[in-house]
Amino acid sequence: MNNEPAFELRDVAFSYEGKQPALVNVSLTIHAGERVAILGSNGSGKSTLLKLLDGLYFPTQGVVRAYGQPLSEAAFDDDTFNFAFRRRVGLVFQDTDVQLFSPSVWEEVAFAPMQLSLKSGEVEARVDGALRALRIEGLRDRAPHRLSGGEKRRVALASVLALQPDVWLLDEPTAGLDPRSQCWLIDFIAEQGQAGKTVITATHNLSIVDAIAGRVFVFDESHRLAAQGTPEEILSNQELLLACNLSHAHRHRHADSGQEHSHPHSRPPAHAHDAESMRLTPEVQSPRHQTKELKDT
Amino acid sequence: MTPDGSPPAASLPQPNPSRRRSDVIERTLADISHALEHALFAEETARRNGLLQALDPRVKVLAMLALLLAVALSHSLAVIGGLYAVTLALAWASAIPLAFFVKRVWLFLPFFTGVIALPALFITPGPPLAQLPLGLAVTRAGVTTALFLLLRVSTSVSLGALLILTTPWNDVLKALSVLHVPDSFSLILGMTYRYIHLLLRTVSDMFLSRKSRVAGRLSGAEERRMVGASAGVLLGKSLHLSSEVYLAMQSRGYRSHSRVPGLAAFAMRRRDWSALLIAVALAAAAIVLGR
Ligand SMILES: Nc1ncnc2c1ncn2[C@@H]1O[C@H](COP(=O)(O)OP(=O)(O)O)[C@@H](O)[C@H]1O
Ligand SMILES: [Mg+2]
């Protein structure tokens, strides 16, 4: 890992027009080649942060720098800068449906290389390479909007992989994936990291954090950066996780003892009976919890 | 099953077709969104072997514009009817099933015309053809106006449908940019296409989720209220979607003035020139004859 900062945020604030702030007073540095997790509950500002890092929105206060350059509307009006930046940084949106808009998978994946004005031979090579890497060659002529959730996620990744970006911005990439696809996605992130790419993943899924990141930034519900540290430090800080609504105390019955009790719940592996749902988010954990809730109501 | 028709616990009653729910609005909306999706996203017809599929997209766009102009300027029902017949012949020659084509076009017609044509029946002054209650009279001039409108719109929609059904969408966009149609126009068109299917899916999802929650029958008023509420949600969603889709395009390097994807380089061949000539001649003839 080299120490050049890929992104630097100084006192950044952002609010959508006429709305409450979505990010408040955020300062952070992400180095090139680092794998980072942005952790926060729904609405804490993760997606907004990724859009700021991708130069799609610009801070209402403070500065966002990418590779030393301040990101601003004026900077992106310059075609050369826009070109160089878009080529280097790729964002996989939280909602795959907004990302997949072309009539066929092939055209979808070709969209970014075409914008780079590559020669058509090169475009084809990139698209084929991306389809192969994600093992979706069989989908090339299908319409993206008619695919399953897992297939859509792969197409969305392929559409960014075809850019061959140095920086991956992934917005809740495991949402809606079955456990097997989640494992596969974690491997994909690890591979990109080994290839020296910067991988920034927004998530509220605590169970994947130590697999996808070497450093964690935690956002709280007031849209501020609440903490940063290694996955071990963050995940063992029950108080922090409770305060940021990333973990919750709830009642449930232990299968072995039949006793009911209440305790905080954050890392599924901590519970023996949760072994099979390790990859699931805290909210949708073991089927047993759900059965109980149904019985209660 | 118990005699009164209620099922024993833990089993479902036999479906009985005579008890079918009459959810007219819902079914109509579902049909429309389904049909729209098929009409707009029928890439498979664009890949078929047919007359129009073999032509250069630029020619198709120009020919369509010329014929649209002819339809708008012509004042003869026979001439416009003739142009409508031409679109049917072209559909047939382009391996588009005629029943599919005609049904698709006429299904959307009420939306384009109904609102305008209906009042025209009554308010165009002239000798009355039929007297209706409330002092309304259908006039001959009113009928003619409505007929003109219907025929004009159906012919125009057919021309547009022919272009879309026989040309991959990216080629349509690229043709527009080659022909120096303003970028903002292509951009809006491109984005419209991109999120129409999302909206359609949202509509059908909303109705599906409603269906799964509504056990009993809804009254007409309740049904209308739900449709109204859905429309509001949809409007908000569509605004959100359009901006998100645009961000997603921007993120992958799209600029309003950048290249529209589409690999095939356009090259005019002899049959393209002939087709263009025929279309322009036809349009000119229609305008002169229909004056
Ligand atoms: N397009 C938007 N317009 C207005 N407010 C928005 C928009 N997108 C997000 N917000 C608001 O900004 C805050 C942060 O949202 P977001 O970044 O999407 O959070 P997260 O991705 O962590 O769930 C939320 O309060 C949300 O309601
Ligand atoms: Mg989000």
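The values are calculated or read from the model by the stated rules, or taken from the named source; none is laboratory data. A quick note: this is a predicted structure, and the numbers were derived from the prediction, not measured. Ideal geometry is used to build each Cβ from the backbone, glycine not excepted, and the neighbour counts take in all protein chains shown. Heavy atoms of the whole protein, side chains included, go into the accessibility calculation; ligands, DNA and RNA do not. Shrake-Rupley method; radii C 1.70, N 1.55, O 1.52, S 1.80 Å.
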Complete set of residues in the stretch B:93-105 that are of a type outside the set (A, V, I, L, M) and under 12 Å from B:Leu165 (Cα atoms)
B:Ser94, B:Pro97, B:Phe100, B:Phe101, B:Arg104
Against the conditions (1) away from chain B (no Cβ under 14 Å); (2) within 12 Å of ligand 2 (Cβ to nearest atom); (3) modelled with pLDDT of 95 or more, where does A:Ser41 fall short? Just the number, please.
(3)
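Residues checked against (1) aliphatic (A, V, I, L, M); (2) farther than 21 Å from A:Gly45 by Cβ; (3) part of a helix (DSSP H, G or I):
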{"site": "A:Asp187", "(1), (2), (3)": "no, yes, yes"}
{"site": "A:Gly196", "(1), (2), (3)": "no, yes, no"}
{"site": "A:Val199", "(1), (2), (3)": "yes, no, no"}
{"site": "A:Ser207", "(1), (2), (3)": "no, yes, yes"}
{"site": "A:Ala211", "(1), (2), (3)": "yes, yes, yes"}
{"site": "A:Val218", "(1), (2), (3)": "yes, no, no"}
{"site": "A:Glu232", "(1), (2), (3)": "no, yes, yes"}
Which numbered condition trips up A:Trp168, out of (1) within 14 Å of chain B (Cβ to nearest Cβ); (2) outside any strand (DSSP E or B)?
(2)
Do you know which residues across the stretch A:123-152 are in contact with a helix residue (DSSP H, G or I) (Cβ under 6 Å, 6 or more places away or on another chain) and farther than 22 Å from A:Arg180 by Cβ?
A:Val123, A:Arg126, A:Val127, A:Arg140, A:His145
Residues of the stretch A:108-128 being in contact (Cβ under 8 Å) with a residue 40 or more places away in the chain and in a helix (DSSP H, G or I), which ones?
A:Glu108, A:Val109, A:Ala110, A:Phe111, A:Ala112, A:Pro113
Output the number of the condition that A:Glu17 fails; it satisfies all remaining conditions of (1) open to solvent by 40 Å² or more (accessible area, probe 1.4 Å); (2) within 20 Å of the chain's Cα centre (by Cα); (3) among the acidic types (Asp, Glu).
(2)
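Of the residues A:Val98, A:Val26, A:Val89, only one is of a type in the set (Val, Ile, Thr), surrounded by 22 or more Cβ atoms within 10 Å (Cβ to Cβ) and more than 15 Å from ligand 1 (Cβ to nearest atom); which?
On the way: A:Val98 fails: more than 15 Å from ligand 1 (Cβ to nearest atom); A:Val26 fails: more than 15 Å from ligand 1 (Cβ to nearest atom).
Result of the check over A:Val98, A:Val26, A:Val89: A:Val89.
Considering each of A:Gly90, A:Gly150 in turn, give the residue that is away from every other protein chain (no Cβ under 12 Å) and more than 16 Å from ligand 2 (Cβ to nearest atom). Reasoning before the result, please.
Details: A:Gly90 fails: away from every other protein chain (no Cβ under 12 Å).
Result of the check over A:Gly90, A:Gly150: A:Gly150.
Sort out which residues of the stretch A:32-67 are open to solvent by 40 Å² or more (accessible area, probe 1.4 Å) and either within 11 Å of ligand 1 (Cβ to nearest atom) or without any contact (Cβ under 8 Å) to a residue 12 or more places away in the chain (or both), and write them in order of number. Break it down stepwise before answering.
At the first step, the residues of the stretch A:32-67 found to be open to solvent by 40 Å² or more (accessible area, probe 1.4 Å) are A:35, A:42-43, A:57-58, A:60-63, A:65, A:67.
Passing the criteria: A:Asn42, A:Gly43, A:Tyr57.
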Subset of the stretch B:51-103, residues open to solvent by less than 30 Å² (accessible area, probe 1.4 Å), of a type in the set (Val, Ile, Thr) and part of a helix (DSSP H, G or I), comes to B:Val59, B:Val61, B:Val71, B:Val79, B:Ile80, B:Thr87
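Just give me the residues in the stretch A:98-107 being facing chain B (nearest Cβ under 7 Å) and part of a helix (DSSP H, G or I), in sequence order. It would help to see each step written out before you state the result.
Taking the stretch A:98-107 first, the residues facing chain B (nearest Cβ under 7 Å) are A:98-99, A:101, A:103-104, A:107.
Correct list: A:Val98, A:Gln99, A:Glu107.
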